[in-house]
Amino acid sequence: MKSKLIKISKDTNLFLKKFIKKQKRTKLVVAMEYGLFPGGKKIRSKILFDIGTVFKIDYKTLIAVGAAVECIHAYSLIHDDLPCMDNDKLRRGKSSTHIKFGESTAVLAGNSLLTMAFEILTSSNLKINAKIKAELVQKLSESSGHLGIAGGQYLDLSFENKKISKNKIIDMEIKKTGKLFSFCCAVPAIIKRKNNKDIKNFENIGENIGLLFQIADDLIDFKGSSRIVGKITGKDKKKGKATLISLLGYQNAIKYSNKIKSKIINNLNKYSLNSNNLNETLDYILIRNK
Ligand code: GRG
(Lines give C-alpha, C1' and ligand atoms only; values in the text may rest on other atoms or scores of the structure.)
Protein backbone atom coordinates (compact mmCIF):
# COMPACT_ATOMS: atom_id res chain seq x y z
CA MET A 1 0.00 0.00 0.00
CA LYS A 2 2.70 2.48 1.07
CA SER A 3 4.82 1.83 -2.04
CA LYS A 4 1.80 2.31 -4.36
CA LEU A 5 0.93 5.56 -2.58
CA ILE A 6 4.52 6.80 -2.88
CA LYS A 7 4.59 5.99 -6.62
CA ILE A 8 1.25 7.73 -7.23
CA SER A 9 2.42 10.74 -5.23
CA LYS A 10 5.71 10.96 -7.18
CA ASP A 11 4.00 10.59 -10.57
CA THR A 12 1.32 13.15 -9.70
CA ASN A 13 3.90 15.71 -8.58
CA LEU A 14 5.93 15.04 -11.72
CA PHE A 15 2.85 15.56 -13.89
CA LEU A 16 2.04 18.84 -12.11
CA LYS A 17 5.63 20.11 -12.29
CA LYS A 18 5.77 19.41 -16.04
CA PHE A 19 2.36 21.00 -16.56
CA ILE A 20 3.38 24.19 -14.74
CA LYS A 21 6.78 24.27 -16.47
CA LYS A 22 5.09 24.42 -19.88
CA GLN A 23 3.31 27.62 -18.82
CA LYS A 24 4.80 31.11 -18.72
CA ARG A 25 6.40 31.64 -15.28
CA THR A 26 4.76 34.26 -13.03
CA LYS A 27 5.41 35.39 -9.45
CA LEU A 28 2.08 33.91 -8.35
CA VAL A 29 3.18 30.46 -9.46
CA VAL A 30 5.70 30.43 -6.59
CA ALA A 31 2.86 30.54 -4.04
CA MET A 32 0.88 27.96 -6.03
CA GLU A 33 3.86 25.58 -5.99
CA TYR A 34 4.29 26.20 -2.27
CA GLY A 35 0.71 25.02 -1.71
CA LEU A 36 1.12 22.04 -4.06
CA PHE A 37 4.59 20.64 -3.27
CA PRO A 38 5.84 18.47 -1.72
CA GLY A 39 2.13 18.01 -1.12
CA GLY A 40 0.13 15.76 1.12
CA LYS A 41 -0.68 12.09 1.17
CA LYS A 42 -2.45 11.96 -2.24
CA ILE A 43 -5.23 9.78 -0.85
CA ARG A 44 -7.75 11.11 -3.38
CA SER A 45 -5.45 10.10 -6.25
CA LYS A 46 -5.01 6.67 -4.62
CA ILE A 47 -8.79 6.13 -4.48
CA LEU A 48 -9.03 7.18 -8.13
CA PHE A 49 -6.28 4.65 -8.88
CA ASP A 50 -7.98 1.87 -6.86
CA ILE A 51 -11.31 2.19 -8.68
CA GLY A 52 -9.69 3.11 -12.00
CA THR A 53 -7.54 -0.04 -11.98
CA VAL A 54 -10.62 -2.19 -11.44
CA PHE A 55 -12.15 -0.54 -14.52
CA LYS A 56 -8.86 -0.99 -16.43
CA ILE A 57 -8.36 2.74 -17.03
CA ASP A 58 -4.97 3.72 -18.39
CA TYR A 59 -2.53 4.80 -15.59
CA LYS A 60 -1.52 8.08 -17.28
CA THR A 61 -5.17 9.14 -17.51
CA LEU A 62 -5.65 8.42 -13.80
CA ILE A 63 -2.57 10.44 -12.88
CA ALA A 64 -3.72 13.44 -14.98
CA VAL A 65 -7.25 13.45 -13.52
CA GLY A 66 -5.78 12.89 -10.02
CA ALA A 67 -3.49 15.89 -10.57
CA ALA A 68 -6.56 18.05 -11.32
CA VAL A 69 -8.18 16.79 -8.11
CA GLU A 70 -5.01 17.55 -6.10
CA CYS A 71 -5.09 21.15 -7.45
CA ILE A 72 -8.63 21.63 -6.12
CA HIS A 73 -7.64 19.96 -2.84
CA ALA A 74 -4.53 22.17 -2.41
CA TYR A 75 -6.67 25.21 -3.19
CA SER A 76 -9.20 24.22 -0.53
CA LEU A 77 -6.42 23.83 2.06
CA ILE A 78 -4.88 27.23 1.25
CA HIS A 79 -8.27 28.91 1.62
CA ASP A 80 -9.23 26.81 4.64
CA ASP A 81 -6.20 28.19 6.52
CA LEU A 82 -7.02 31.87 5.84
CA PRO A 83 -7.88 34.08 8.85
CA CYS A 84 -11.47 34.46 7.58
CA MET A 85 -11.85 30.64 7.51
CA ASP A 86 -10.12 28.37 10.05
CA ASN A 87 -7.17 30.71 10.66
CA ASP A 88 -4.36 28.14 10.76
CA LYS A 89 -0.69 29.01 10.68
CA LEU A 90 0.66 25.51 10.04
CA ARG A 91 -0.12 23.13 7.16
CA ARG A 92 1.69 20.03 5.97
CA GLY A 93 4.45 20.71 8.48
CA LYS A 94 5.25 24.23 7.26
CA SER A 95 3.81 27.74 7.48
CA SER A 96 0.42 28.12 5.78
CA THR A 97 0.53 29.83 2.38
CA HIS A 98 -0.90 33.14 3.68
CA ILE A 99 1.70 33.23 6.49
CA LYS A 100 4.48 32.76 3.95
CA PHE A 101 3.19 35.01 1.14
CA GLY A 102 0.45 37.21 2.63
CA GLU A 103 -3.32 36.89 2.44
CA SER A 104 -4.00 38.40 -0.96
CA THR A 105 -1.36 36.21 -2.63
CA ALA A 106 -2.75 33.11 -0.89
CA VAL A 107 -6.28 33.90 -2.11
CA LEU A 108 -5.04 34.38 -5.67
CA ALA A 109 -2.80 31.29 -5.58
CA GLY A 110 -5.82 29.27 -4.43
CA ASN A 111 -7.99 30.70 -7.20
CA SER A 112 -5.29 29.93 -9.78
CA LEU A 113 -5.06 26.30 -8.60
CA LEU A 114 -8.82 26.00 -9.01
CA THR A 115 -8.64 27.15 -12.62
CA MET A 116 -5.55 25.01 -13.25
CA ALA A 117 -7.58 21.91 -12.37
CA PHE A 118 -9.86 22.66 -15.33
CA GLU A 119 -6.92 23.51 -17.59
CA ILE A 120 -5.60 20.01 -16.85
CA LEU A 121 -8.94 18.29 -17.48
CA THR A 122 -9.37 20.03 -20.83
CA SER A 123 -5.72 19.81 -21.95
CA SER A 124 -4.49 17.69 -24.83
CA ASN A 125 -2.34 15.75 -22.30
CA LEU A 126 -5.51 13.98 -21.30
CA LYS A 127 -6.25 11.42 -23.99
CA ILE A 128 -10.00 11.00 -23.64
CA ASN A 129 -12.75 12.23 -25.91
CA ALA A 130 -14.16 15.75 -25.64
CA LYS A 131 -17.64 14.68 -24.54
CA ILE A 132 -16.23 12.74 -21.57
CA LYS A 133 -13.90 15.65 -20.73
CA ALA A 134 -16.92 17.98 -20.65
CA GLU A 135 -18.70 15.57 -18.32
CA LEU A 136 -15.67 15.44 -15.99
CA VAL A 137 -15.49 19.25 -15.96
CA GLN A 138 -19.18 19.45 -15.11
CA LYS A 139 -18.85 16.91 -12.26
CA LEU A 140 -15.71 18.47 -10.82
CA SER A 141 -17.23 21.98 -10.87
CA GLU A 142 -20.34 20.69 -9.13
CA SER A 143 -18.20 18.95 -6.48
CA SER A 144 -16.25 22.15 -5.82
CA GLY A 145 -19.03 24.76 -5.65
CA HIS A 146 -21.97 25.49 -3.36
CA LEU A 147 -23.28 21.91 -3.66
CA GLY A 148 -19.86 20.55 -2.71
CA ILE A 149 -16.68 21.74 -0.99
CA ALA A 150 -17.50 25.46 -0.79
CA GLY A 151 -21.05 24.74 0.42
CA GLY A 152 -19.74 22.26 3.00
CA GLN A 153 -17.20 24.78 4.26
CA TYR A 154 -19.97 27.36 4.60
CA LEU A 155 -21.96 24.93 6.76
CA ASP A 156 -18.87 23.98 8.80
CA LEU A 157 -18.27 27.64 9.69
CA SER A 158 -21.92 28.39 10.38
CA PHE A 159 -22.27 25.33 12.68
CA GLU A 160 -19.54 26.52 15.10
CA ASN A 161 -20.65 26.65 18.74
CA LYS A 162 -24.14 25.35 17.95
CA LYS A 163 -25.88 22.07 18.74
CA ILE A 164 -26.21 20.37 15.37
CA SER A 165 -28.01 17.10 14.56
CA LYS A 166 -26.18 13.98 13.31
CA ASN A 167 -27.81 14.21 9.86
CA LYS A 168 -26.78 17.83 9.43
CA ILE A 169 -23.19 17.06 10.46
CA ILE A 170 -23.10 14.15 7.99
CA ASP A 171 -24.50 16.36 5.21
CA MET A 172 -21.87 19.04 5.94
CA GLU A 173 -19.00 16.50 6.01
CA ILE A 174 -20.14 14.82 2.81
CA LYS A 175 -20.16 18.19 1.06
CA LYS A 176 -16.93 19.54 2.56
CA THR A 177 -14.87 16.36 2.15
CA GLY A 178 -16.97 13.67 0.48
CA LYS A 179 -17.73 15.36 -2.82
CA LEU A 180 -14.12 15.31 -4.02
CA PHE A 181 -13.86 11.59 -3.16
CA SER A 182 -17.21 11.12 -4.88
CA PHE A 183 -15.77 12.66 -8.05
CA CYS A 184 -12.71 10.33 -7.84
CA CYS A 185 -14.95 7.25 -7.55
CA ALA A 186 -17.23 8.30 -10.41
CA VAL A 187 -14.44 9.17 -12.91
CA PRO A 188 -13.71 5.56 -14.01
CA ALA A 189 -17.44 4.84 -14.51
CA ILE A 190 -17.82 8.08 -16.50
CA ILE A 191 -14.80 7.28 -18.70
CA LYS A 192 -16.16 3.76 -19.32
CA ARG A 193 -19.54 5.29 -20.26
CA LYS A 194 -21.49 3.43 -17.58
CA ASN A 195 -25.17 4.32 -17.10
CA ASN A 196 -26.35 7.07 -14.73
CA LYS A 197 -27.44 4.58 -12.06
CA ASP A 198 -23.93 3.06 -11.88
CA ILE A 199 -22.31 6.51 -11.85
CA LYS A 200 -24.61 7.57 -8.99
CA ASN A 201 -23.70 4.39 -7.10
CA PHE A 202 -19.99 5.12 -7.39
CA GLU A 203 -20.61 8.72 -6.33
CA ASN A 204 -22.37 7.32 -3.29
CA ILE A 205 -19.41 5.05 -2.49
CA GLY A 206 -17.17 8.13 -2.75
CA GLU A 207 -19.35 10.17 -0.41
CA ASN A 208 -19.05 7.43 2.20
CA ILE A 209 -15.28 7.23 1.72
CA GLY A 210 -15.15 11.00 2.23
CA LEU A 211 -17.25 10.72 5.37
CA LEU A 212 -14.95 7.97 6.67
CA PHE A 213 -11.94 10.14 5.85
CA GLN A 214 -13.41 13.15 7.64
CA ILE A 215 -14.21 11.14 10.79
CA ALA A 216 -10.62 9.82 10.80
CA ASP A 217 -9.40 13.42 10.35
CA ASP A 218 -11.52 14.54 13.32
CA LEU A 219 -10.20 11.63 15.43
CA ILE A 220 -6.66 12.78 14.61
CA ASP A 221 -7.52 16.34 15.58
CA PHE A 222 -8.92 15.00 18.87
CA LYS A 223 -5.98 12.74 19.80
CA GLY A 224 -3.10 13.39 17.37
CA SER A 225 0.19 15.16 17.89
CA SER A 226 0.77 18.42 15.95
CA ARG A 227 4.38 17.39 15.33
CA ILE A 228 3.31 14.23 13.49
CA VAL A 229 0.18 15.61 11.82
CA GLY A 230 1.94 18.75 10.52
CA LYS A 231 -0.94 21.02 11.55
CA ILE A 232 -2.22 22.25 14.90
CA THR A 233 -4.39 19.59 16.59
CA GLY A 234 -7.07 19.98 19.26
CA LYS A 235 -8.62 22.88 17.32
CA ASP A 236 -12.09 21.42 16.78
CA LYS A 237 -12.91 21.48 20.49
CA LYS A 238 -11.47 24.98 20.97
CA LYS A 239 -13.45 26.33 18.03
CA GLY A 240 -16.65 24.53 18.99
CA LYS A 241 -16.74 22.64 15.66
CA ALA A 242 -19.73 20.38 15.06
CA THR A 243 -18.21 16.91 14.44
CA LEU A 244 -19.40 13.36 14.96
CA ILE A 245 -16.94 13.11 17.87
CA SER A 246 -18.40 16.15 19.61
CA LEU A 247 -21.87 14.63 19.14
CA LEU A 248 -21.29 10.87 19.66
CA GLY A 249 -18.04 10.73 21.64
CA TYR A 250 -14.67 9.28 20.61
CA GLN A 251 -15.45 5.53 20.91
CA ASN A 252 -18.83 5.78 19.19
CA ALA A 253 -17.31 7.76 16.34
CA ILE A 254 -14.80 4.91 15.82
CA LYS A 255 -17.65 2.35 15.83
CA TYR A 256 -19.57 4.47 13.34
CA SER A 257 -16.55 4.71 11.02
CA ASN A 258 -16.18 0.90 11.00
CA LYS A 259 -19.86 0.63 10.03
CA ILE A 260 -19.31 3.00 7.12
CA LYS A 261 -16.30 0.98 5.98
CA SER A 262 -18.40 -2.20 5.77
CA LYS A 263 -21.10 -0.29 3.89
CA ILE A 264 -18.53 0.86 1.30
CA ILE A 265 -17.10 -2.63 0.75
CA ASN A 266 -20.59 -4.25 0.56
CA ASN A 267 -21.64 -1.67 -1.99
CA LEU A 268 -18.55 -2.32 -4.12
CA ASN A 269 -18.97 -6.09 -3.81
CA LYS A 270 -22.41 -5.75 -5.44
CA TYR A 271 -20.48 -5.09 -8.63
CA SER A 272 -18.35 -8.20 -8.07
CA LEU A 273 -15.34 -5.94 -8.41
CA ASN A 274 -11.99 -6.71 -6.86
CA SER A 275 -11.87 -4.43 -3.82
CA ASN A 276 -8.42 -5.45 -2.48
CA ASN A 277 -6.69 -2.16 -3.34
CA LEU A 278 -9.56 -0.07 -2.04
CA ASN A 279 -9.76 -2.18 1.10
CA GLU A 280 -6.14 -1.47 1.97
CA THR A 281 -6.65 2.25 1.31
CA LEU A 282 -9.66 2.31 3.64
CA ASP A 283 -7.62 0.56 6.34
CA TYR A 284 -4.87 3.13 5.83
CA ILE A 285 -7.42 5.96 6.17
CA LEU A 286 -8.59 4.51 9.48
CA ILE A 287 -5.23 3.74 11.06
CA ARG A 288 -3.23 6.74 9.76
CA ASN A 289 -1.83 9.19 12.30
CA LYS A 290 -1.50 12.17 9.91
C1 GRG B 1 -11.81 24.49 -2.67
C2 GRG B 1 -13.97 24.63 -3.80
C3 GRG B 1 -13.11 25.08 -2.70
C4 GRG B 1 -13.60 25.99 -1.82
C5 GRG B 1 -12.92 26.59 -0.68
C6 GRG B 1 -11.90 26.54 2.26
C7 GRG B 1 -12.91 25.72 1.59
C8 GRG B 1 -13.75 26.38 0.57
C9 GRG B 1 -13.13 24.43 1.86
C10 GRG B 1 -12.35 23.67 2.86
C11 GRG B 1 -12.59 22.23 2.72
C12 GRG B 1 -11.70 21.42 3.60
C13 GRG B 1 -10.37 21.93 3.99
C14 GRG B 1 -12.13 20.24 4.01
C15 GRG B 1 -11.33 19.33 4.87
C16 GRG B 1 -10.91 18.14 4.09
C17 GRG B 1 -9.75 17.45 4.74
C18 GRG B 1 -10.03 16.43 5.75
C19 GRG B 1 -8.51 17.80 4.38
C20 GRG B 1 -7.28 17.11 4.78
O21 GRG B 1 -6.96 16.25 3.69
P22 GRG B 1 -5.64 15.36 3.67
O23 GRG B 1 -5.40 14.76 5.01
O24 GRG B 1 -4.52 16.45 3.40
O25 GRG B 1 -5.73 14.43 2.51
P26 GRG B 1 -3.08 16.24 2.76
O27 GRG B 1 -2.26 17.33 3.35
O28 GRG B 1 -2.58 14.87 3.10
O29 GRG B 1 -3.25 16.42 1.28
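The values are calculated or read from the model by the stated rules, or taken from the named source; none is laboratory data. In this text the structure is predicted, and so the values were computed from the model without any measurement. Heads up, the Cβs are rebuilt from the backbone with ideal geometry, glycines too, and the neighbour counts pull from every protein chain shown. All accessible areas refer to the heavy atoms of the entire protein, side chains included, with ligands and DNA or RNA removed. Shrake-Rupley method; radii C 1.70, N 1.55, O 1.52, S 1.80 Å.
Which net charge results when you count Lys and Arg as +1 and Asp and Glu as -1 among the other residues whose beta-carbon is under 13 Å from that of K127?
Summing Lys and Arg as +1 and Asp and Glu as -1 gives +1.
Measuring from centroid to centroid over Cα atoms, what is the spacing of segment 253-283 and segment 93-112 in Å?
Here the answer is 36 Å between Cα centres.
Over all alpha-carbon pairs of segment 107-202, lay out the pair-distance distribution in 10 Å bins, whole %, shortest bin first.
15, 39, 31, 13, 2
Dividing the convex hull volume of the alpha carbon atoms of segment 153-290 by its residue count, what do you get in Å³ per residue? Write down the numbers at each step before the final one.
Numbers: hull volume 15.7 nm³, N = 138.
In segment 153-290, the Cα hull volume divided by residue count equals 114 Å³.
Quote the Stokes-Einstein diffusion coefficient, in whole µm² s⁻¹, for segment 1-121, based on the Kirkwood radius over alpha carbon pairs, a temperature of 10 °C and a viscosity of 1.306 mPa s.
Value of D from the Cα-based Kirkwood radius: 108 µm²/s.
Against the globular-protein guess of 2.2 N^0.38 Å, express the Cα radius of gyration of segment 244-290 as a ratio, rounded to two decimals.
1.31
Positive end of the dipole of segment 44-162, charges at C-beta (+1 Lys, Arg; -1 Asp, Glu), about the Cα centre: which of S143, F118, T105 has its Cα farthest in that direction?
Sorting the options by dipole projection puts first F118.
Lys and Arg at +1, Asp and Glu at -1: add these up for the other residues within a Cβ distance under 12 Å of S3 and post the number. Present the calculation step by step, with values, prior to reporting the outcome.
Working: positive: K2, K4, K7, K10, K46; negative: E280.
That works out to +4.
Kirkwood hydrodynamic radius of the chain from all distinct Cα pairs, in Å?
Answer for the chain: a Kirkwood hydrodynamic radius of 19.2 Å.
Give the dimensionless ratio obtained when the Cα radius of gyration of segment 50-113 is divided by 2.2 N^0.38 Å.
Numbers: Rg = 15.0 Å, N = 64, 2.2 N^0.38 = 10.7 Å.
This ratio for segment 50-113 stands at 1.41.
Sorted by packing (mean other beta-carbon atoms within 10 Å per residue), highest first, where do 36-45, 53-62 land?
Values: 36-45: 19.3, 53-62: 15.8.
Answer by packing, highest mean first, reads 36-45, 53-62.
State the answer as a single residue: which of I264, I285, I220 lies farthest towards the positive end of the charge dipole of segment 193-290, with beta carbon charges of +1 for Lys and Arg and -1 for Asp and Glu, about the Cα centre.
Result: I220.
Out of the total accessible area of the chain (probe 1.4 Å, heavy atoms of protein only), what percent is carbon and sulfur?
On the way: 7550 of 13770 Å².
For the chain, the apolar C and S fraction of the accessible surface comes to 55 percent.
Explain nothing, just the number: dipole magnitude of segment 163-250 about its Cα centre with +1 on each Lys and Arg Cβ and -1 on each Asp and Glu Cβ, in debye rounded to the nearest 20.
220
Could you work out the helix-only [θ] at 222 nm for the chain, with each DSSP H run of four or more residues adding -39,500 (n - 2.57) and the total divided by the number of residues, to the nearest 500 deg cm²/dmol?
When only DSSP H runs of four or more count, the value is -22500 deg cm²/dmol.
Along the Cα-to-Cβ line of K2, 7 Å from the Cα, sits a label point; which residues in segment 39-64 have backbone N less than 17 Å from it?
Within reach of a label on K2: 41-43.
Contour minus end-to-end for V137 and K60, with contour as 0.36 nm per residue of separation and end-to-end as the Cα-Cα distance? Don't skip to the answer; put the middle values down first.
Details: separation 77, 0.36 × 77 = 27.72 nm, distance 1.79 nm.
Working it through step by step, the gained length comes to 25.9 nm.
Under a Cβ-only charge scheme (Lys and Arg +1, Asp and Glu -1), can you give me the dipole magnitude of the chain about the Cα centre, in debye to the nearest 20?
Value, rounded to 20: 620 debye.
If a helix is a whole DSSP H run, which ones in the chain reach 30 Å or further along their own axis (Cα) and hold a mean Kyte-Doolittle hydropathy of at least -0.5? Spell out each step's value before the answer.
Values: long enough: 59-80 (31 Å, 0.79); 196-223 (40 Å, -0.25).
Length and hydropathy pass: 59-80, 196-223.
Is there a quick way to get the dipole size of segment 66-112? I mean about its Cα centre, with the Cβ of Lys and Arg at +1 and of Asp and Glu at -1; what is the value in debye to the nearest 20? List each step's numbers first, then the result.
Numbers: 5 positive and 6 negative charges, 44 e Å.
Approximately 220 debye in magnitude.
Just order 227-234, 98-105 by mean Cβ neighbour count inside 10 Å, highest at the front, would you?
98-105, 227-234
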